[in-house]
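Working notes for the structure below.
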Amino acid sequence: MINILIISSLSFGCMTEKPVKVEQGNNVISLDDAFKNSRDVHLSEIADSVTFLSLETTNHNLLRNPKFIFSSHYIFAYSTIFDWTGKYRGTIGKKGNGPYEEPEGAVRILFKDNHFYSKGTKFIEYDMNGMPTGKVKRLYDGRKFNTNDILRAGIEFFVVGKYLAAYDYPATIYFFDDDFETVASRRVIGSDTVRPNWNYIGKNFITYYKDTTLFYNFINDTIFSVTEEGLEPRWIVNFDNEQRLSADVILRYPDMFIDMERTILGGNSLEKTEIVRFMDNKHIIGGAFETDRYIFFLMKEMIPLAVPRKKENPAPYVMLFDKVKKETVRVKGNGFIDDILEMNRFFPNSGVYDEKLIASIWPYEILDYIDECREEGRKINPRLFAFSKTIKPDDNPVLIFVHLKRSQR
């Protein structure tokens with residue numbers, strides 16, 4: 001089988017389009033097989049240790065439902081920065097309407113060549129102390145829409161070699177130099193009629209394996225390596241099961257909101273909405289994370305409008321591809337059986353980075369779990385108990401790192 005994807009080739013003088021042929025060979029991952037191969041997986045099968053990282057809590061950096069971005073230098077929680085010891089290193093950007101401020105604050109931050117950069121309604125450069133250097137480029141007006149808007153749907157902001165890059169969902173990755181000038185772009189879907197939009201399905205489109213930046217948007221069936229020269233096919237993901245949420249539905253997602261509003265205003269049943277008819281009980285990949293031995297897929301069964309429809313929203317789950325055995329498994333339940341910390345199930349809700357499965361958990365959840373174990377007379381892991389003495393209920397989240405076995409890499 002050969003998959004064709006139209007991708008813009010790198011050219012500093014002009015942009016050309018050419019088909020990239022992705023031939024299937026040893027780089028094929030069959031998720032269809034995993035639906036027939038479901039089993040419990042213990043953490044001890046793939047990991048050998050667990051560590052904790054408390055994120056420093058001050059009056060200036062209290063987090064609310066953060067999405068964590070991990071890099072070799074820092075851990076980002078939107079505009080809040082921590083180092084890998086958990087120490088708070090500052091907050092990038094200010095909220096406001098000034099030339100170096102963002103109306104809603106800076107939410108996408110990266111670090112490159114001893115400078116921080118933010119992407120919101122503007123590109124802004126900052127020095128190591130988080131102070132604007134004076135370099136800024138306006139992208140769009142946050143208060144109104146314009147046909148000249150740039151990267152309004154820029155949901156990912158990342159570094160590729162010497163370039164800054166942004167994914168304008170769902171169609172294009174743009175590359176910028178340090179002066180914020182566009183040097184290249186890549187179309188990552190075949191259609192040239194799809195408009196950028198910020199109503200997206202998914203969570204992690206950009207992930208990292210060692211020094212390699214990976215891109216996967218689930219609309220395509222290919223995981224790409226992103227380089228200064230372009231996109232290089234790395235893995236083919238076969239997911240043709242009837243339970244798969246189709247790419248056409250994903251691309252029509254914004255229009256489905258309009259249909260939903262009309263249905264609700266018309267007093268009709270939610271079961272008649274396109275969102276329910278086309279997305280109910282369909283499965284989607286929320287992120288693909290490669291390690292030395294495995295590729296982890298964070299999966300989700302869609303139940304749109306679950307609360308008003310009085311339906312239970314299924315917990316996310318994991319599919320695991322073994323690069324050595326060429327075997328794909330659906331991990332039963334909402335994560336791995338935790339036979340290391342003995343905290344029931346472990347789900348890497350913050351992804352995978354540097355050979356670590358990562359989960360974020362609020363301190364009060366750990367303390368409540370220990371109280372529950374005491375009340376029920378259950379065993380408490382000594383390391384977890386000792387760690388619980390170092391945290392307070394209203395502290396910032398704790399990151400739990402599950403370290404993959406070196407012998408299995």
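The values are calculated or read from the model by the stated rules, or taken from the named source; none is laboratory data. Keep in mind that this is a model prediction, so the values were computed, not measured. No Cβ is skipped: glycine too gets one built from the backbone with ideal geometry, and neighbour counts run over all protein chains shown. Quick note on the areas: whole protein, heavy atoms, side chains included, nothing else; ligands and nucleic acids left out. Shrake-Rupley method; radii C 1.70, N 1.55, O 1.52, S 1.80 Å.
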Query - List Ser246, Ser388, ordered by accessible area with a 1.4 Å probe, largest first - result: Ser246, Ser388
Query raised in the report: Residue farthest toward the positive end of the dipole of region 183-327, with Cβ of Lys/Arg at +1 and Asp/Glu at -1: which of Met299, Thr222, Leu270?
Result: Leu270
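At a 1.4 Å probe radius, carbon and sulfur cover how many percent of the accessible area of the chain?
48 percent
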Query raised in the report: Where does the chain land at 222 nm, in deg cm²/dmol rounded to the nearest 500, when only DSSP H runs of n ≥ 4 count, each adding -39500 (n - 2.57), divided by all residues?
Result: -3500 deg cm²/dmol
Requested in this report: Step through the residues of region 224-237 one at a time and calculate ³J(HN,Hα) from phi using the Karplus curve (6.51 cos²θ - 1.76 cosθ + 1.60, θ = phi - 60°), rounding each to whole Hz and writing x for Gly and Pro.
Outcome: 10, 8, 9, 10, 4, 8, x, 10, 10, x, 10, 9, 9, 10
Query raised in the report: How much accessible surface area, in Å² rounded to 10, belongs to the heavy atoms of Arg252 with a 1.4 Å probe?
Result: 90 Å²
Requested in this report: Please tell me the relative contact order of the chain in percent, rounded to the nearest whole number, where contacts are Cα pairs under 8 Å and at least six residues apart.
Outcome: 17 percent
Report task. Tell me which residues come under 5 Å, amide H to amide H, from Arg108 once H is placed; ignore anything under 5 positions away on its chain. Result -> Lys119
**Report entry** Heavy-atom accessible area ranking, 1.4 Å probe, most first, across Trp235, Trp362, Trp198
**Finding:** Trp198, Trp362, Trp235
Report task. Would you grab the residues whose amide H sits under 5 Å from the one on Asp354? Only those 5+ places off in sequence or on another chain, please, with H modelled 1.01 Å from N. Result -> Lys210
Report task. List the residues whose amide H sits under 5 Å from the amide H of Thr172, counting only those 5 or more places along or on another chain, with H placed 1.01 Å from N in the peptide plane. Result -> Val188
**Report entry** Between region 189-227 and region 258-276, the Cα center-to-center distance that results, in Å
**Finding:** 30 Å
Report task. Could you work out how far the C-alpha centroid of region 372-409 sits from that of region 41-64, in angstrom? Result -> 8 Å
**Report entry** Karplus-derived HN-Hα couplings along region 265-281 (A = 6.51, B = -1.76, C = 1.60, θ = phi - 60°), whole Hz, x at Gly and Pro
**Finding:** 5, x, x, 8, 5, 5, 5, 8, 5, 5, 4, 6, 5, 9, 10, 4, 6
